Amino acid sequence: DANTIDAGVVSTMETSLESVIVIPAVMNHSSTIIFLHGLGDTGEGWADEIAAIKPPHTKLICPTA
């Protein structure tokens, strides 16, 4: 299933228009951050920076603008 993500695995979900980077929580998932950025950038362009500061219980979703 494209929406199932194992802990510790970064995945890219393809949609008809763009890709979405999803970084799962590494502990008990209790929150989600959907990071919206400016036009002309990609989710991949921000995923590493945001992942470095996200809490371990938080799933990160970085769509492409």
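The values are calculated or read from the model by the stated rules, or taken from the named source; none is laboratory data. Keep in mind that what you see is a predicted model, and the values were worked out from it rather than measured. Here the Cβ positions follow ideal geometry from the backbone for every residue, glycine too, while neighbour counts run over all protein chains shown.
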Could you tell me how many of the residues in region 33-55 are closer than 11 Å to ILE21 by Cβ and in a helix (DSSP H, G or I)?
8
Out of LEU36, LEU17, report the one residue that is at pLDDT below 85 and of a type in the set (A, V, I, L, M).
LEU17
